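Trainee: The structure follows.
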Amino acid sequence: MKKSFSQKHLLGIKDLSRDDIELVFETADNFKTVINRPIKKVPSLRDVTVANIFFENSTRTKISFELAQKRLSADVVNFSASASSVSKGETLIDTVKNILSMKVDMVVMRHPSPGACVFLSKHIDASIINAGDGTNEHPTQALLDAYSIREKLGSVKGKKVAIIGDIMHSRVALSNIYCLQKLGAEVMVCGPTTLIPKHIGTLGVKVESDLIKALNWCDVANMLRIQLERQDIKYFPSLREYSMLYGLNKERLDSLKKDIVVMHPGPINRGVEITSDVADSIHSIILDQVENGVAIRMAVMFLLAGRN
């Protein structure tokens, strides 16, 4: 396997080769041993300054990146758009150029507009990590999801993964489809027909509107949150009806003739797409995903900094 990352930025899974993804996983394996030691820090990025620039609210992703940066001994600058000159009309490029003039080496950015990170990468020299751009991609989430499947089942290749829920508004779904397919998995999307993009079949995924059929087909069920904040119209009658048709509960899980792995990118709406007894069950690897997120983000930043 090659030992260098092919990209200057991590803008989306679409740009990565299978070798790139495997290299991230191999690097994350090493960092996972680090974060489980009594002393959880390494000096790998001691002279690197990273700016976290979030134009959208984030809890888990932001904390995960910050923790990863601190574990690597990087200098960290946090920037929140709501409390900045952006609210006074400053443009994206001006904002970032001002931050870069403070000699920042790497930018982790979340932005509500699809393509914002690609746009920025053409105008500045620092390495950019896409922490979610609108409904487009969320590459580190897809990497940690696939890494968690690999850890639980030994390999991603040949596994059947059903992504269930609000596919239309989910950047997690798109990045997961790209990542899982590059690693040799079969992918199915499942949800109400109103929440499945019209031409998603062209990506080579199976499309299913019946939850029970999807669960019986898959080895892994990745349950997505309903993204009400991105929905401008009503796509289904009520959350109660959605839960009745597409919610994963213990009764449905027990009715299957096999064990499946249950995942969720968070935050969980308990009682809507997944019940507490499933989220907290032995089938669930949701907390493993959270832990793996730190190791994966450490690996990505380490590789982008050219420290491999």
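Throughout, read-outs are computed from the coordinates displayed, never taken from laboratory work. Worth saying up front: this structure is predicted, and the values here are computed from it rather than measured. Cβ coordinates were reconstructed from backbone atoms using ideal geometry, including for glycine residues, and neighbour counts include every protein chain displayed.
Trainee: For Lys160, go through the aspartates and glutamates and keep the ones whose alpha-carbon is under 12 Å away, minus same-chain ones fewer than eight residues off.
Mentor: The reachable aspartates and glutamates, counting only those whose Cα sits under 12 Å from Lys160, are Glu186, Asp219.
Trainee: While we're here: List the lysines whose Cα lies under 21 Å from the Cα of Lys159, skipping any in the same chain that are fewer than 8 positions away.
Mentor: List returned: Lys14, Lys182, Lys206, Lys213, Lys257, Lys258.
Trainee: Any idea which of Pro43, Ile149, Ala299 is furthest toward the positive side of the dipole for the chain, if Lys and Arg beta-carbons carry +1 and Asp and Glu beta-carbons -1?
Mentor: Of the listed residues, the answer is Pro43.
Trainee: Would you please name the trypsin sites (Lys or Arg not before Pro) within region 184-224 that are DSSP coil residues with at most 13 other C-beta atoms within 10 Å of their C-beta?
Mentor: Within region 184-224, the qualifying trypsin sites (Lys or Arg not before Pro) (loop, at most 13 other Cβ atoms within 10 Å) are Lys198.
Trainee: Using r as the Cβ-Cβ distance of Arg18 and Asn98, and R0 as 41 Å, what FRET efficiency do you calculate, to the nearest 0.05?
Mentor: Efficiency, rounded to the nearest 0.05: 0.60.
Trainee: Subtract the Cα-Cα distance of Thr59 and Leu203 from 0.36 nm times their separation in residues, and report this length gain in nm to one decimal.
Mentor: Gain on extension, Thr59 to Leu203, equals 48.8 nm.
Trainee: Then there is this: Could you compute the FRET efficiency for Leu245 and Ile282, with r as their C-beta to C-beta distance and R0 at 35 Å, rounded to 0.05? Each step should come with its number before you reach the end.
Mentor: On the way: r = 25 Å, r/R0 = 0.72.
So the FRET efficiency works out to roughly 0.90.
Trainee: Here's another thing I want to ask about it. Sum -39500 (n - 2.57) across every DSSP H segment of at least 4 residues in the chain, then divide by the residue count to get the 222 nm mean residue ellipticity, nearest 500. Let's see the in-between values first.
Mentor: Working: 11 runs with 115 residues, N = 308.
Estimated from H runs of four or more residues: -11000 deg cm²/dmol.
Trainee: Right, another one. Could you tell me what % of all Cα pairs in the chain have separations over 35 Å?
Mentor: 19
Trainee: Still on this structure, I have one more. Only four residue types carry charge here, +1 at the Cβ of Lys and Arg and -1 at the Cβ of Asp and Glu. Report the dipole size of the chain about the Cα centre in Debye, rounded to the nearest 20.
Mentor: Numbers: 40 positive and 34 negative charges, 93 e Å.
Taking the Cα centre of the chain as origin, the dipole is about 440 debye.
Trainee: Another one. With labels modelled as points extended 7 Å from the Cα through the Cβ direction, what inter-label distance (nm, one decimal) is found for Ile124 paired with Ile212?
Mentor: 5.2
Trainee: Any idea what log10 I(q)/I(0) is at q = 0.09, 0.14, 0.20, 0.21 Å⁻¹ for region 107-240, Debye with uniform C-alpha scatterers and no solvent?
Mentor: For region 107-240, the Cα-only Debye profile gives -0.28, -0.67, -1.19, -1.26.
Trainee: Still on this structure: Calculate the spin-label point distance for Arg37 paired with Ser4, positioning each point 7 Å from the Cα along the beta-carbon direction, and give it in nanometres.
Mentor: Here the modelled spin labels are 2.7 nm apart.
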